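For reference, the structure discussed in these notes is given below.
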């Protein structure tokens, strides 16, 4: 048994998305079904829609920043009740048995993480369909409890952008006494500023755009540096403990490695679609590290939601109706959004 639901579908790379019917699975004993209220539009959605990384399968329903209300429960579910606010992020299943899964690193599952879209669907065959749709069905262990005190539309991007920056900030111990650099102010960067500041770090924004300098301060950054100005950059040489690199396009990381203090780390969370070159002496000097981080586990994502609830952290969004999805994707490709699009799924009729 399946259920037909309305969704926004990519039929092939480079084509406009269309509203169509898709099939959702019937509830298993450990499943939770939600009506989707809001779904964020992530830059990685755009990459996958366009098959920028290879491996995209069509038809595709994007979306992994999903906020909704519980409407139905499997017979074995005790952790949710009908009417609860709930959320789905990037991960909807994993083996649960490997070393990574046992320490809440499901994103690194050794058998293979099932993602909320464009991932092999073990129930229906084909690929999983994401949150640009009316409903979602997910195992209860991978469904998240959504705090009720946050603006739900503005909180949707926390499910990817929020955890993508929270995880490395926590892992590399951002906090009082640490200087954290945030490279790029966009969907990820503006979240990194707010979360790092709430953790107690001294936050320095690194941007190539003069117009972003003032906005960095609005977002609670302590300082902002125009990285095209050599004199400004020189002032921060060997001064920054941790840089969160949110840039999703090809860029020169070496000029920023020079800013790291001894044992400092630069952590890539953006996803450029081409290789980045690291000069050896930039990391050898000062015992610096160039690292990467990829979303977070289910427990850590729930922790992030509770942290953001406590500190009142949400994204700056532009809420759009479903009919404007192609316009939004075109603008996103041009970085013409401040700072995240979110779809009002009530407009998907």
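Could you check how many residues of segment 290-307 are over 22 Å from residue 116 (Cα atoms) and not in a strand (DSSP E or B)?
1
For segment 72-79, the condition of being buried (at least 18 other Cβ atoms within 10 Å of the Cβ), part of a loop (DSSP other than H, G, I, E, B) and in contact with a strand residue (DSSP E or B) (Cβ under 9 Å, 6 or more places away or on another chain) holds for at least one residue.
Condition check ((1) in the same structural domain as residue 110 (by TED's automatic domain parsing); (2) within 17 Å of residue 193 (Cα to Cα); (3) in contact (Cβ under 8 Å) with a residue 60 or more places away in the chain; (4) surrounded by fewer than 20 Cβ atoms within 10 Å (Cβ to Cβ)) across all residues:
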| residue | (1), (2), (3), (4) |
| --- | --- |
| 240 | no, yes, yes, no |
| 243 | no, yes, yes, no |
| 258 | no, no, no, yes |
| 270 | no, yes, yes, no |
| 279 | no, no, no, yes |
| 301 | no, no, yes, no |
| 331 | yes, no, no, yes |
| 336 | yes, no, no, yes |
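The helices (runs of 4 or more DSSP H) found wholly in segment 94-209 and carrying at least 1 residues that are closer than 25 Å to residue 315 by Cα occupy 152-155, 161-171, 189-198.
Scanning segment 51-67 for residues that are out of contact with any helix residue (DSSP H, G or I) (no Cβ under 8 Å at 6 or more places or on another chain) and at pLDDT 95 or above, we see that the one that is nearest to residue 322 (Cα to Cα) is 61. Checked against the criterion of being more than 23 Å from residue 165 (Cα to Cα), surrounded by 18 or more Cβ atoms within 10 Å (Cβ to Cβ) and assigned by TED's automatic domain parsing to the domain that holds residue 151, the candidates 343, 325 yield just one match: 325. Against the conditions (1) modelled with pLDDT under 95; (2) touching a helix residue (DSSP H, G or I) at 6+ places or on another chain (Cβ under 7 Å); (3) surrounded by 18 or more Cβ atoms within 10 Å (Cβ to Cβ), residue 296 satisfies every one except (1). Please specify each residue of segment 244-285 satisfying the condition of being within 20 Å of the chain's Cα centre (by Cα) and not in a loop (DSSP other than H, G, I, E, B). Hits for segment 244-285 are 244, 245, 266, 267, 268. If a residue must be crowded, with 18+ Cβ neighbours inside 10 Å and either in contact with a strand residue (DSSP E or B) (Cβ under 6 Å, 6 or more places away or on another chain) or within 23 Å of residue 4 (Cβ to Cβ) (or both), how many such residues does segment 108-133 contain? Result for segment 108-133: 14. Apart from one condition, residue 289 fits all of (1) surrounded by fewer than 18 Cβ atoms within 10 Å (Cβ to Cβ); (2) farther than 30 Å from residue 89 by Cβ; (3) in contact with a strand residue (DSSP E or B) (Cβ under 7 Å, 6 or more places away or on another chain); the exception is (2). When the test is whether a residue is farther than 19 Å from residue 24 by Cα, in the same structural domain as residue 18 (by TED's automatic domain parsing) and at pLDDT below 95, residue 125 does not pass it.
The values are calculated or read from the model by the stated rules, or taken from the named source; none is laboratory data. The model shown is predicted, which means the values in this text are computed figures rather than measured ones. Backbone-built Cβ (ideal geometry, glycine too); neighbour counts: all protein chains shown.
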